[in-house]
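The values are calculated or read from the model by the stated rules, or taken from the named source; none is laboratory data. Please read all numbers here as calculations on a predicted model, not as lab measurements. Cβ placement follows ideal geometry from the backbone for every residue including glycine, while neighbour counts extend to all protein chains displayed.
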Amino acid sequence: MKKERLQKVMAHAGVASRRVCEQMIINGKVMVNGKLITKLGTKVDPQNDVIKVNGKIVRRKEEKVYYILNKPRGYLSSVSDDRGRKTVIDLMGSVTERIYPVGRLDYDSEGLLILTNDGYLANKIMHPRYQIRKLYLVEVNGFFHQNALEKMRSGVKLEDGITSEAYVEVLQSAPTKSLIKIGIHEGRNRQIKRMCQALGFNVKRLVRTQIGPIKLGSLPKGSYRHLTIEEVGKLKQAVNRVGKK
């Protein structure tokens with residue numbers, strides 16, 4: 001880990017402005033690894049060195065990071081699993097930050113998953129109140145008839161209540177299978193599969209393609225990338241739009 005000037009690390013952690021932090025060092029209020037520091041040129045390892053100001057440990061603010069992953073089948077949308085099954089974190093390669101998935105995709109579902117350490121934004125994306133729509137491509141068995149289309153759009157009665165209105169578009173329909181696009185902003189457990197089952201259809205494949213303004217695009221299966229600054233901005237705008245209504 002690259003070492004940085006002590007006052008810079010303190011300021012980044014929110015102790016005070018850099019100038020005030022410099023004065024604290026000069027005044028003998030700062031210790032590093034149990035040693036009193038009074039020289040402004042001192043450099044520290046922000047990850048491993050223990051910094052104390054007036055006897056209290058300084059904890060560096062974690063930089064917020066945002067990734068999207070094209071989740072394949074056979075991975076859990078969790079950080080770890082006590083049964084030793086593969087999780088989406090296993091796909092995140094050299095990512096060193098402590099990130100976690102925003103919402104879930106079932107073990108046998110695929111597609112777009114956001115991973116971040118920004119708990120504030122993650123909660124807003126998941127909460128139905130903020131109406132962040134998730135789009136899915138869903139392949140079901142059988143012919144998806146007009147009656148099923150209307151019911152799914154208006155709300156399907158499940159054991160935990162009637163679902164909210166959904167965006168539904170039939171892309172292909174044949175006697176043996178149909179491909180439909182479904183958009184929902186709720187986050188009930190296995191919601192789309194249960195909605196389809198309630199109407200007499202079994203889901204053969206489910207792929208999430210979009211969360212709010214964030215699209216899966218051409219990201220290869222099992223691959224991930226950083227969200228761009230512009231994408232993060234659009235995501236934050238989307239969740240903040242509800243609060244301004």
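With the requirement that a residue be aromatic (Phe, Trp, Tyr) and either over 25 Å from PRO213 (Cα atoms) or surrounded by 21 or more Cβ atoms within 10 Å (Cβ to Cβ) (or both), what does segment 123-161 give you? Hits for segment 123-161 are TYR136, PHE143, PHE144. Quick check: anything in segment 232-243 surrounded by fewer than 12 Cβ atoms within 10 Å (Cβ to Cβ), among the small types (Gly, Ala, Ser) and part of a helix (DSSP H, G or I)? Yes, there is a match, as at least one residue in segment 232-243 is surrounded by fewer than 12 Cβ atoms within 10 Å (Cβ to Cβ), among the small types (Gly, Ala, Ser) and part of a helix (DSSP H, G or I). Is it the case that segment 3-23 has a residue that's part of a loop (DSSP other than H, G, I, E, B), basic (Lys, Arg), under 22 Å from LEU216 (Cα atoms) and in contact with a strand residue (DSSP E or B) (Cβ under 8 Å, 6 or more places away or on another chain)? For segment 3-23, residues part of a loop (DSSP other than H, G, I, E, B), basic (Lys, Arg), under 22 Å from LEU216 (Cα atoms) and in contact with a strand residue (DSSP E or B) (Cβ under 8 Å, 6 or more places away or on another chain): absent.
Would you confirm whether or not segment 170-188 contains a residue that is charged (D, E, K, R), touching a strand residue (DSSP E or B) at 6+ places or on another chain (Cβ under 9 Å) and without any contact (Cβ under 8 Å) to a residue 40 or more places away in the chain? There is at least one residue in segment 170-188 that is charged (D, E, K, R), touching a strand residue (DSSP E or B) at 6+ places or on another chain (Cβ under 9 Å) and without any contact (Cβ under 8 Å) to a residue 40 or more places away in the chain. Taking the listed residues ASN141, ASN123, the one that is farther than 22 Å from MET195 by Cα and either modelled with pLDDT of 90 or more or not acidic (Asp, Glu) (or both) is ASN123, with no other qualifying.
Residues that are more than 26 Å from GLU97 (Cβ to Cβ), outside any loop (DSSP other than H, G, I, E, B) and either touching a Ser or Thr at 6+ places or on another chain (Cβ under 8 Å) or touching a residue at least 60 places away in the same chain (Cβ under 8 Å) (or both) occur at least once in segment 207-225. From the list SER164, SER218, the lone residue that is assigned by TED's automatic domain parsing to the domain that holds ASP108, surrounded by fewer than 17 Cβ atoms within 10 Å (Cβ to Cβ) and closer than 27 Å to ILE68 by Cα is SER218.
Within segment 73-83, not a single residue is within 12 Å of the chain's Cα centre (by Cα) and either in a helix (DSSP H, G or I) or at positive phi (or both). Of the residues making up segment 173-189, one or more are surrounded by fewer than 16 Cβ atoms within 10 Å (Cβ to Cβ) and within 15 Å of the chain's Cα centre (by Cα). A search for C-beta distances below 7 Å between a residue of segment 142-158 that is outside the structural domain of LEU171 (by TED's automatic domain parsing) and any residue that is exposed (fewer than 14 other Cβ atoms within 10 Å of the Cβ), counting only pairs 6+ apart in sequence or on different chains, returns nothing.
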